[in-house]
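The values are calculated or read from the model by the stated rules, or taken from the named source; none is laboratory data. Source: prediction; values computed, not measured. We place every Cβ from the backbone using ideal geometry, glycine too, and count neighbours over all the protein chains shown. For the accessible areas, the whole protein counts, side chains as well, though only heavy atoms, and no ligand, DNA or RNA atoms are used. Shrake-Rupley method; radii C 1.70, N 1.55, O 1.52, S 1.80 Å.
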Amino acid sequence: MDRHDMLLSPAGVDALRTALTRARFTANGIADRLGPQATGAVARNDYRAALRATEDRDPLATLIRVFICDQTEPEPVVAAALAPLTVEEALAGGLVERHGEGLRAGVDLEPYGDDWFVLADVPASARPGRPLHAEHVLGIGGATQTLIGATVRRPVETALDLGTGSGVQALHLSTHARRVTATDVSERALRFAATTAALNGQDWELLRGDLVAPVAGRRFDLVVSNPPFVVGPGTTTHVYRDSGRVGDAIGAELAAAAPHLLTEGGTMQYLANWVHVTGEDWAERVTGWFAGTGLDAWVIQREVADPMAYVNLWLTDVGETADPQRMAAWLDWFDAHKVEAVGFGIVSLRRAGHDEPIVRVEDLRQRVEPPLGDRVGEWFDRQDWLRARDTDGLLAARYRAADGLQLRQEATMGADGWAVDRQVLAMPRGLRWSEEIDPLVLALVGGADGRLPLRDQLALLAAAHDVAPDELAEAAGPIVAHLVERGLVEPVAD
Ligand SMILES: C[S@@+](CC[C@H](N)C(=O)[O-])C[C@H]1O[C@@H](n2cnc3c(N)ncnc32)[C@H](O)[C@@H]1O
């Protein structure tokens, strides 16, 4: 893509960066200026304290008023804040727009991270009554942040962001990838991404086209995508949300494309929605997406919404809650396809090059210790460790209960004192899994101090509980593998 295809000319981008950095319009600069209370209030869309703190209208104050508090300010004041960028170029690029007696934000110009800037469209909620552009460029919302947090941030040579929009995922990729490629079907989105890149001194390869078409035949070490994953009849009104694919087909399409996109050992992560169909197991449906791909897959379902809540959420997102026909058509489609709920989650795939890939599709609704991306990386590491061992290998290894592992008991008082009803192992850190276990597994984990190989530990347990050692070893293998997979028990390095 032509590097000059941006909202502003290259000289204009330089001028804007000069204005923003000179004024200290960065996350830290703004926090210093506003103080903790007003900064906290701004995060809740309460601008009163921020407006009181910026009455001077020096350049930083004006930028905060215009781009954070969405105020209309007099043109000479805005001109002073944006200089050396001229108001003419800012207007022509859509950075600001005329409103009433002055100028207001024409885009969402967000100071982000330590010293980044991200350009996107002003959200629907800030311009009530104004229809969203069909190629609306999404700002940094909840889904965006979910993918940012879930991405495995290990150093790679090449990374791809599919459906880059504002370019925020690409910005994060640039911290650990030597080369970043970003694609989008929308020319408008690419103009925003190119401007975000230039404003942050980045040089990405930007390509236009449908999903993987612009990178056909190429492979990457890391691929991320926050695609238009919204499930519905396949109609497209807003390209950031609607893929034009029917139902949850985009999730399956990305899975099918993944083996051709990844280098050996490469990772692909994307957000997806999937339907829960009456009489069908959602996890089986999603597992089917990876059949024949040869990829290890870990899919975690983070949320589930009923159709009404789901349709409302997405109509509100584009400011269309008041359109009863659209709502009815969408809900009718859910009814006709027996969709009783929609799941939202994160798909993590890895090209491990093994004949028997591991595919795990599971609910993970608990709050996890951030960043989730570190946990995803560790999950695949543990799979590598497990895959390298048969049952004998598992029995020969030594294990230690994970740091901080807790035992929670429920018991009922009876004539003979407490009778234990349930025993649950719980991890207060990381993925915060909890697992109900029986007394034998409890004894096994309790004795896992890293000194004895599992085989010897089991022999002691077999003698104490009067069971055959071989039977116990056979039963324990899969249980220990499961506890290792979930990180409740850790192998000790030899
Ligand atoms: C949900 S937004 C994500 C934007 C940004 N990556 C983020 O994480 O905030 C989806 C993006 O995918 C783009 N998109 C939609 N359909 C696409 C397609 N078929 N191929 C490529 N990109 C597409 C949209 O233009 C939009 O920029």
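Numbers below:
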{"read-out": "For the chain, the longest site-free run once GluC sites (Glu not before Pro) in DSSP loop states with at most 15 other Cβ atoms within 10 Å are removed", "value": "281-494"}
{"read-out": "Cα-based helix-to-principal-axis angle, 187-199 vs the chain, degrees rounded to 10", "value": "90"}
{"read-out": "Fraction of accessible area attributable to carbon and sulfur, segment 352-494 (%, probe 1.4 Å)", "value": "49"}
{"read-out": "Nearest 10 degrees, 0 to 90: helix 469-485 Cα axis against the chain principal axis", "value": "10"}
{"read-out": "Accessible area of the chain divided out per residue, in Å², using a probe of 1.4 angstrom", "value": "45"}
{"read-out": "Leading residue at positive end of dipole, the chain (Cβ point charges), from 176, 142, 85", "value": "85"}
{"read-out": "Magnitude of the charge dipole, segment 203-359, Cβ model with Lys/Arg +1 and Asp/Glu -1, debye to 20", "value": "300"}
{"read-out": "Within the accessible area of segment 225-336 (1.4 Å probe), percent carbon and sulfur", "value": "56"}
{"read-out": "Given charges at Cβ of Lys, Arg, Asp, Glu: the chain dipole, positive-most of 227, 198, 217", "value": "198"}
{"read-out": "Cα-centre dipole for the chain with unit charges at Cβ (Lys and Arg positive, Asp and Glu negative), debye to 20", "value": "1200"}
{"read-out": "Contour minus Cα-Cα distance for residue 83 and residue 384 (0.36 nm per residue)", "value": "102.9 nm"}
{"read-out": "Rg followed by Dmax, in Å, when the chain is reduced to its Cα trace", "value": "26.5, 88"}
{"read-out": "Trypsin sites (Lys or Arg not before Pro) within segment 21-107: DSSP coil, no more than 13 neighbouring Cβ in 10 Å", "value": "44"}
{"read-out": "In degrees, nearest ten, helix 324-336 long axis to first principal axis of the chain (Cα)", "value": "20"}
{"read-out": "Extreme residue, positive dipole direction of segment 284-350, given options 288, 336, 312 (C-beta unit charges)", "value": "288"}
{"read-out": "Dipole magnitude (debye, nearest 20) for segment 99-230, charges at Cβ of Lys, Arg, Asp, Glu", "value": "220"}
{"read-out": "Cα-based equivalent ellipsoid, segment 377-494: semi-axes from gyration tensor eigenvalues, Å", "value": "25, 19, 11"}
{"read-out": "Coordinate range along principal axes, alpha carbons of segment 50-170, Å, largest first", "value": "48, 32, 28"}
